[in-house]
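See below for the structure under consideration.
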Amino acid sequence: SVKKLLKAPAVEPEVTATSRHYVDRLFDPDPQKVLQGVIDMKNAVIGNNKQKANLIVLGAVPRLLYLLQQSSSSMELRTECAVVLGSLAMGTENNIKSLVDCHIIPALLQGLLSSDLIFIEACLRCLRTVFISPVTPVQLLYTDPTVIPHLMSLLSNSLRTQEYITQIFSHCCKTPEHQTILFNHGAIQNIAPLLISPSYKVRMQALKCFSVLAYENTQVSMTLVNVLVDGELLTQVFVKMMQRDQPIEMQLTAAKCLTYMCRASAIRTDDSCIVLKTLPCLVRMCSKEHLLEERVEGAETLAYLMEPDVELQRIASTTDHLVAMLADYFKYPSSVSAITDIKRLDHDLKHAHELRQAAFKLYASLGSNDEDIRKKITETENMMDRIVSGLSESSIKVRLAAVRCLHSLSRSVQQLRTSFHDHAVWKPLMKLLQNAPDEVLVMASSTLCNLLLEFSPSKEPILESGVIELLCSLTQSDSPALRVNGIWALMNMAFQADQKVKVEIVRCLGTEQLFRLLSDPDTNVLMKTLGLLRNLLSTRPHIDQIMSSHGKQIMQAVTLILEAEHSIEVKEQTLCILANIADGNTAKDLIMTNDDMLQKIKYYMGHSNVKLQLAATFCVSNLIWNEEDGSQERQDKLREMGFVDILHKLTQSSDPNLSDRAKTALQQYLA
């Protein structure tokens, strides 16, 4: 294989000589001198990043790993090597990358098979440092299937092994597969007793393990509910850990564990440990005396906890003036205690966008169902301006959270008519839709759907801004959610719209795309497309105009849907479209001259589902209505085909709506 020549990073000359000397000593034939060399190296690198980088460049790592793995090395030498490697790992991310590239992980995991506890602890400490770095692929912990069970068996050895192993687990549990592997190897039984360890570090790491194991995992959460720790239910242990006298980190993590168990349906949302303990604890974390990270985590966890539950949203909205407290997320990035600390202030200013993101998420969750809460949010000082500026922030996460918040508020008719209109929210929203990632597009287009409802004052200006092209392009997306939103917004736009708007929608979407959507594999897309068609085919002049230009294709599409395997809802919507066509002046001929279609209407009049019978009977009513030209010929044709007999039968229906509709239709024959 061709070796690439790697350009070595520049090594500063004055450090080089001493660094070289350290590395050279690792190759001394006298084991005692090698040991002393490693110990001197250990003392030289502590807290000295420049020295660490130089030793790595000069090739110290492969030699240290070689000495660590040699069975001929003394236990003391192997342990000191592990300590130096751990110290090198404490440097920069580049150091970690170099160590991982030298295959440090398999070497250290191999070292765990030793019987010497001090050596095992040194290997674990180094592994812990390597694994908590974001640049280390966590998958490396799972490559060899014997590793996890072996780590479980080492848990009982000492407080140190407990701390390092639980920390490794909590950092390397990133996917449902990881959760399952740890669960199947007895993580719960092995880690639960550590929650009452005498060491705070062990308790804390064990708690973190449970939070990552339980996240969106029903199997783990359901198991945790029944676990006893020293005779006490695990949930009660978590509740105690949320008490105000515990460190904030512990309160927050315990609250996350209970939140995740609640979201996985292992704890009811009205359980006192959620309503009286977890929720108030998370609200407390949002106050401005806490550090930025705590406020962010508190708000995001609280948003997640109450997202599906309106009762929790109501309780939270009246706890500790939460809505007003969140307004501070936009004003005070630093906690009161941090004001004296310049480094902290600088850090908080750089991370202030995380606070804004968390506040938007929490507002979105709070306002997702209750009208009064939404009102409270929009009346918070400058709230709408804050959302509008959030929509154009540089951070994609803030934009997404701001649009989620806007979407939540847009579910209120009241807000659409007032604050949304006053702030011309649609302008930044349209801008956001121009070139955003799918996640943002889905939320932004959902919000747009709400803005395009007929009662929203924003509808007019949006129509003039070229929104139709934008929505038509969304219907061609590969993402079903975006296709649904594009077509849904067009459906809302076509509702009771002027002829001009309807013609523009049909022109821009194009009949080909319209019929492609009518055969979309996603039922939601199909339903919304039928809704759009139904809204386009309302009021007679519109029905006649659209059917005169596209009648043949529309009738074909209706036939295909009525003949295919579709849900009752889809067929009902399709028959309603047919009833609208039957209401046109010239359009009804397309049905009357199509015997196959008339037979289908007849079939659905006798269907076992009342909704379909109603819709089909409505079609007949519209076809035979008296005051219209040619009604006599139409009545005669349908009588010959046996429709009158069916109508008589339907007047006896146990469903009052159906019997009334059949009677109304029959009266046309009597008039």
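The values are calculated or read from the model by the stated rules, or taken from the named source; none is laboratory data. Since this is a predicted model, take the numbers as computed values, not measurements. Glycine also receives a Cβ, built like all others from the backbone with ideal geometry; neighbour counts cover every protein chain displayed. In case anyone asks, the SASA skips ligands and DNA or RNA and just uses the protein heavy atoms, side chains included. Shrake-Rupley method; radii C 1.70, N 1.55, O 1.52, S 1.80 Å.
At an R0 of 35 angstrom, the distance between the Cβ atoms of Ile248 and His150 translates into a FRET efficiency of 0.55. Taking the Cα centre of each part, how many Å lie between segment 101-179 and segment 367-402? A separation of 43 Å, based on Cα centres.
Taking the 1.4 Å solvent-accessible surface of the chain as the whole, the part contributed by carbon and sulfur is 53%. Remark: the chain carries a charge dipole of roughly 1180 debye about the Cα centre, counting +1 on each Lys and Arg Cβ and -1 on each Asp and Glu Cβ.
Between Thr180 and Lys331, the distance separating the two model label sites (each 7 Å from Cα on the Cα→Cβ line) works out to 5.0 nm. Looking at segment 539-670, the pairs of alpha carbons with a distance over 25 Å make up 19% of the total. With 0.36 nm allotted per residue and the present C-alpha distance subtracted, the Ser74-Asn43 stretch has 9.2 nm of extension available.
In this structure Ile96 has an accessible area near 10 Å², from a 1.4 Å probe over the protein heavy atoms.
Projecting the alpha carbon convex hull of the chain along each direction and taking the average yields 40.4 nm². Across the options Leu666, Gly584, Gly606, the greatest Cα extent toward the positive end of the charge dipole of segment 539-670 (unit charges at beta carbon of Lys, Arg, Asp, Glu) belongs to Gly606.
Taking GluC sites (Glu not before Pro) in DSSP loop states with no more than 12 other Cβ atoms inside 10 Å as exposed sites, the chain has its longest site-free stretch at 1-215. The lysines within cross-link reach of Lys208, meaning a Cα-to-Cα straight distance under 26 Å and a gap of 8 or more places when in the same chain, are Lys97, Lys174, Lys240, Lys256, Lys277, Lys288, Lys361, Lys397. Of Lys500, Lys600, Lys174, the order by accessible heavy-atom surface (1.4 Å probe, DNA, RNA and ligands excluded), from most exposed downward, is Lys500, Lys174, Lys600.
How high is the FRET efficiency between Glu633 and Asp498 when r is their beta carbon distance and R₀ equals 30 Å, given to the nearest 0.05?
For Glu633 and Asp498, the calculated efficiency is 0.35.
Taking label points 7 Å from Cα along the Cα-to-Cβ direction, Gln513 and Asp270 give a separation of 4.8 nm. Applying 1/(1 + (r/R0)^6) with R0 = 51 Å to the Cβ-Cβ distance of Lys50 and Asp385 gives a FRET efficiency near 0.60.
Let me have the 222 nm mean residue ellipticity of the chain computed from DSSP H runs of 4+ only, each contributing -39500 (n - 2.57), with the sum over all residues rounded to the nearest 500.
On the way: 43 runs with 458 residues, N = 671.
Using -39500 (n - 2.57) per qualifying helix, the result is -20500 deg cm²/dmol.
Given points 7 Å out from each Cα along the Cα-Cβ axis, report the Lys343 to Ile118 separation in nanometres with one decimal. Each label point lies 7 Å from its Cα, and together they span 3.3 nm.
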